[in-house]
1. Averaged per residue, what accessible area in Å² does segment 116-247 show with a 1.4 Å probe, protein chains only?
2. Determine Rg/Rh for segment 101-187; Rg is computed over alpha-carbon atoms and Rh is the Kirkwood hydrodynamic estimate from the same atoms.
3. Of the candidates Gly75, Gly202, Gly59, which one comes out as most mobile in a Gaussian network treatment of the chain with C-alpha springs shorter than 10 Å?
4. Mind pulling the per residue volume of the convex hull built on the Cα atoms of segment 165-310? Å³ is fine.
5. Of all accessible surface on segment 1-118 at a 1.4 Å probe, what whole percent is carbon and sulfur?
6. Identify the GluC sites (Glu not before Pro) of segment 1-106 meeting these criteria: DSSP loop state and at most 11 other C-beta atoms within 10 Å of the C-beta.
7. Which percent, to the nearest 5, of DSSP beta bridges fully inside the chain are antiparallel?
8. Using Cα pairs under 8 angstrom and six or more residues apart, how large is the relative contact order of the chain, in percent?
Amino acid sequence: MRRLVAQTSLEPRHLVLPMFVADGITESRPISSMPGVVQHTRDSLRAAAAAAVEAGVGGLMIFGVPREQDKDPAGSCGLDPDGILNVALADLAADLADATVLMADTCLDEFTDHGHCGIVDSEGRVDNDATNAQYVKLAVAQAQSGAHVVGPSGMMDGQVAAIRDGLDAAGFADVAILAYAAKFASSFYGPFREAVASSLDGDRRTYQQDGGNAREALREIALDVEEGADIVMVKPAMAYLDIVAAAAEISPVPVAAYQVSGEYAMISAAAANGWVDGRAVALESLTSIRRAGADIVLTYWAADAAGWLS
Ligand code: PBG
């Protein structure tokens, strides 16, 4: 009876697995604040990606972690076709072809020595338009490497329009844009900064949104849709389910929500202490994000949950 009348479904195809691939390591490296999540080598990424696809996940979102000495103020190694993220995308495109939707994080923070998501001016402020020009090159490099979807996560104004134009001009009209449309300046990203060995000293409050502002989030979503976003995303998920619900109301394109590193870390830590049933709470949290209105959920549990669900 419960199955017959269930209003919300949670299926492996709804889930996207974020994965990290690091340059200059010979063995995958655990991320201590995210038990079960690792920085992959190119080879271990290929194996884990194939396993996740086999388990039925809907897509993969790949983040690159360059060597410290390859970072610079402009994040150049993100644009380099031989840079870690681009070679890993090419590996996965060759291995998996159309068996999954291959997504790339289109942001500079992993690649810059200052850790900001963009180009910083002489006064230490992120230069919005100079950053957009760099994002266009980054997106084209990722498309050339085989990404089906680029995911601009830097929250620059006009980034979606700039990337859409740049992709089209480079012959990648078929590459889609998953826009991090309503991304809040959140402390729930803490463990991610370890995951990508971020150099950031400070915060991102000049370009990410204030947690108290719902109206602004909806305006950002509407702007990104107008600029050509194919999917819009709300991030983080659980503390922003009202925004997910409001986005689902107004968005003419699919809505994604990102269950971020801190959400994963909190549930994992409680489970490790025996305080909650980790699997049950993970699935309940994912169901709640779907119930709020997300079509797609990015979650570090994607592969595990796909297995549990089937
Ligand atoms: C920035 C980016 C961040 C995350 C994804 N892309 C971190 C940030 O904005 O500081 C966070 C993801 C997570 O916490 O799981 N490119």
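The values are calculated or read from the model by the stated rules, or taken from the named source; none is laboratory data. Note that this is a predicted model, so its numbers are computed, not measured. No Cβ is skipped: glycine too gets one built from the backbone with ideal geometry, and neighbour counts run over all protein chains shown. Ligands, DNA and RNA are stripped out before the accessible areas are found, and what is left, the full protein with its side chains, is counted by its heavy atoms. Shrake-Rupley method; radii C 1.70, N 1.55, O 1.52, S 1.80 Å.
1. In whole numbers, segment 116-247 has 41 Å² accessible per residue.
2. Answer for segment 101-187: 0.96.
3. Comparing Gly75, Gly202, Gly59 in a Gaussian network model of the chain, the most mobile one is Gly202.
4. 149 Å³
5. 50 percent
6. Qualifying residues, ordered by number: Glu27.
7. Counting DSSP beta bridges with both partners in the chain, the antiparallel share is about 10 percent.
8. About 20 percent, as a whole number.
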